[in-house]
């Protein structure tokens, strides 16, 4: 009796193990199929690949250019108007002409009693319009200057704030040329085309150095 119960228990365990193995196998197969959905084996058959390539080649179409377009493109390249060779437009030419005209206007010179004052260049530097200035005294007496007497006006006659830098307070007789700058804030020059500059000596005020039509660069 005891032997029969042992055999029965063994058979039950074997049945459970086999059943669990079958269930695990079925579950694994189901998971594998779910994971491989949409995955297909690549087609490595040479016949099919050649057929696909032939189809893709047939889809590529050649664009035939018209003779008129070819001639127009060639003429554009020869004349320098093709892409990458921008022509000198009228606005660019006008701007270049204005720059050359402004350069040709310098130096602007004023002379009084053998004292010479020159504006050699005008340029914008940050928030200021800076005039490059030179002075020399060809007379036989020294001349003193007080630059608070310096007057700068715009083309509407309005006096502007200006400051002088590196200019001598006294020009010795028969002197060499001294250089310096006169600066005007840019925010005062809205719509201004030209400036005028006036300087006299101190304290006698015998000299009247006046420079007009000093161009304001843009």
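Here, each number is a calculation from the coordinates, and none is a lab measurement. Just so we're clear, the structure is a prediction, and the values are computed from it rather than from any experiment. Counting neighbours? That spans all protein chains shown, and the Cβs are built from the backbone with ideal geometry, glycine included.
Once R0 is set to 30 Å, what does the formula 1/(1 + (r/R0)^6) return for the Cβ-Cβ distance between residue 190 and residue 151, expressed as a FRET efficiency to the nearest 0.05?
Here the calculated transfer efficiency is 0.90.
Using Cα-Cα distances under 8 Å and only pairs 6 or more residues apart, what relative contact order does segment 106-215 have, in percent?
So the answer I get is 29 percent.
In terms of the Cα gyration tensor, with a ≥ b ≥ c the square roots of its eigenvalues, is segment 152-205 rounded because a/c is under 1.5, prolate because a/b exceeds b/c, or oblate?
It is prolate, given that a/c is not under 1.5 and a/b is the larger ratio.
Taking a ≥ b ≥ c as the square roots of the Cα gyration tensor eigenvalues, with a/c under 1.5 meaning rounded and otherwise prolate when a/b beats b/c, else oblate, which class fits segment 106-215?
prolate
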